[in-house]
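Asker: Attaching a single structure in structure tokens format; questions to follow.
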Amino acid sequence: MTQPSERGSWQQTLRMVAWSLIRIRNGARHREDQRSVGIVPLMFTALGAVFVFVLALMALVHWIA
């Protein structure tokens, strides 16, 4: 387990979620990120990213229709 001071930054968590959403990820880099990113920030970042994605889709549909 890593120390709290060695935990990944929010930007690293966001980058990890973004790459995972489009399913392009280097295996070694993914394992490195998994060791350094906490599960709770990862969950909230992933939920926020999905929420923003859904809002963007809804705005696109509203703009087209």
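The values are calculated or read from the model by the stated rules, or taken from the named source; none is laboratory data. Keep in mind it's a predicted model, so treat the numbers as computed, not measured. Note: ideal-geometry Cβ built from the backbone for every residue, glycine included; neighbour counts use all protein chains shown. Remember, those area values only see protein heavy atoms, side chains included, never the ligands or the DNA or RNA. Shrake-Rupley method; radii C 1.70, N 1.55, O 1.52, S 1.80 Å.
Asker: Find the accessible area per residue for the chain; the probe is 1.4 Å, ligands and nucleic acids are left out, and the unit is Å².
Answerer: Value for the chain: 83 Å² per residue.
Asker: A further question follows. Through the Karplus equation 6.51 cos²θ - 1.76 cosθ + 1.60, θ set to phi - 60°, convert the phi angles of the range 29-45 into ³J(HN,Hα) values in whole Hz; use x for Gly and Pro.
Answerer: Computed from phi, the couplings for the range 29-45 are 5, 5, 5, 5, 5, 4, 6, 9, 9, x, 6, 5, x, 5, 4, 5, 5 Hz.
Asker: Sticking with this one: Return the Rg/Rh ratio of the chain with Cα-based radii and a Kirkwood Rh.
Answerer: Across the chain, the Cα-based Rg/Rh ratio is 1.11.
Asker: Mind ordering 21-29, 42-50, 9-17 by average Cβ neighbours within 10 Å, highest first?
Answerer: Going from most to least packed, we get 9-17, 42-50, 21-29.
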